[in-house]
Amino acid sequence: MFEKFLAPGNLGEVADQFKRDMIGIFGKDLVSIVLYGSAASAEYKRGISDINFVLILKKIDHESLKKASVRLSWWRRSWVSAPLLFTEEELEDAADVFPLEFLSIKQNHKLIHGKDPFPGLQISKADVRKQLEFELRSKLIHLRQSYLEVRRNRESLKALAASTVAALSPLAEGLLFLKEIKSPPAKKSMLESLGKAYRIDVNPLVLAYGIKYEDANPSNDELESLIKSMLISLRALAEAVDKIEVRK
């Protein structure tokens, strides 16, 4: 059914092979293949960044899922994650449940096959605001809790700062969306825009970005100060979102 697969040397080859596989598995039920995440941006790093796809299908049955699962080990060799699968109806119905995730894809994606479902997808500011407050307060609570557990372990503390700022990227897009500000393509620029839009100090988040993406190596005292400042920044953002009023 499939041609022999050799790990492709570049993103274009990966996308082409993935497209052929999906057509072979889903046939006429395949409506769209959309590339999203870092692989759809200038921040993609070969051999480091995962490659993420969304599949839009006319129907999703168990037999097709079984066939697709056989190929997963091959895709992982080229850093391809298991794709997200939606029917056309499910995508529309889920926009109020996953507004931040869909907003991120809508603002940064590439069409690989078929028709593009995201430009016309309606995303409500009220839904975005509600999910943002939930996510920000959840991450604030998680950061406090995790700090109690890892404070005495330097590497774990660095990892905590890095994972927290990485999880903020889709939230930053949503926060700027509420202010009707176009998100810059680079994550670091997005954080800086966030500081201006909400008038908060985002330097702690930029420093954490350096740990995650630029191999920054702060001292123990700098790490302590960083976590303290990140807690303040997250709380300020959560309270700012709580006060935003948007029409449904």
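Quick notes on this structure:
- Matching residues, the range 48-82, being in a loop (DSSP other than H, G, I, E, B) and closer than 18 Å to Gly114 by Cβ: Lys58, Lys59, Ile60
- Of the residues making up the range 73-82, those that are surrounded by fewer than 16 Cβ atoms within 10 Å (Cβ to Cβ) and closer than 16 Å to Ile33 by Cβ number 2.
- The residues of the range 192-224 that are within 25 Å of Glu180 (Cβ to Cβ) and aromatic (Phe, Trp, Tyr), listed by number, are Tyr198, Tyr209.
- Filtered by the rule that a residue be over 21 Å from the mean Cα position of the chain (by Cα) and of a type in the set (A, V, I, L, M, F, W, C), the range 224-248 gives Leu226, Ile227, Leu231, Ile232, Ala236, Ala240, Ile244, Val246.
- Qualifying residue in the range 6-15 (condition: within 30 Å of Lys182 (Cβ to Cβ), assigned to a loop (DSSP other than H, G, I, E, B), at pLDDT below 90 and among the hydrophobic types (A, V, I, L, M, F, W, C)): no
- Among (1) modelled with pLDDT of 90 or more; (2) within 15 Å of Gly27 (Cα to Cα), the one test that Leu100 misses: (2)
- Enumeration of residues in the range 184-207 that are in a helix (DSSP H, G or I), without any contact (Cβ under 8 Å) to a residue 12 or more places away in the chain and over 13 Å from Glu173 (Cα atoms): Lys196
- When the range 127-156 is limited to residues that are over 18 Å from the mean Cα position of the chain (by Cα) and either polar (S, T, N, Q) or assigned by TED's automatic domain parsing to the domain that holds Glu101 (or both), the one that is surrounded by the most Cβ atoms within 10 Å (Cβ to Cβ) turns out to be Ser146.
- Residue list for the range 83-100, restricted to those being surrounded by fewer than 14 Cβ atoms within 10 Å (Cβ to Cβ) and in a loop (DSSP other than H, G, I, E, B): Val97
- Candidates Glu239, Glu224, filtered to the one that is of a type outside the set (S, T, N, Q), modelled with pLDDT of 95 or more and either in contact with a strand residue (DSSP E or B) (Cβ under 8 Å, 6 or more places away or on another chain) or surrounded by fewer than 22 Cβ atoms within 10 Å (Cβ to Cβ) (or both): Glu239
- Scanning the range 150-171 for residues that are within 30 Å of Ala197 (Cβ to Cβ), assigned to a helix (DSSP H, G or I) and of a type in the set (A, V, I, L, M, F, W, C) gives Leu157, Ala159, Leu160, Ala161, Ala162, Val165, Ala166, Ala167, Leu171.
- Unique residue being more than 19 Å from Ile60 (Cα to Cα), at pLDDT 95 or above and assigned to a helix (DSSP H, G or I) when the list is Leu136, Leu111: Leu136
- Close pairs (9 angstrom Cβ cut-off, 6 or more residues apart or separate chains): among the hydroxyl-bearing types (Ser, Thr, Tyr) in the range 100-122, assigned to a loop (DSSP other than H, G, I, E, B) anywhere: Ser104/Ser183
The values are calculated or read from the model by the stated rules, or taken from the named source; none is laboratory data. Given the structure is predicted, the values throughout are model-derived calculations rather than measurements. For neighbour counting, all protein chains shown are included, and Cβ atoms are generated from backbone atoms with ideal geometry for every residue, glycine included.
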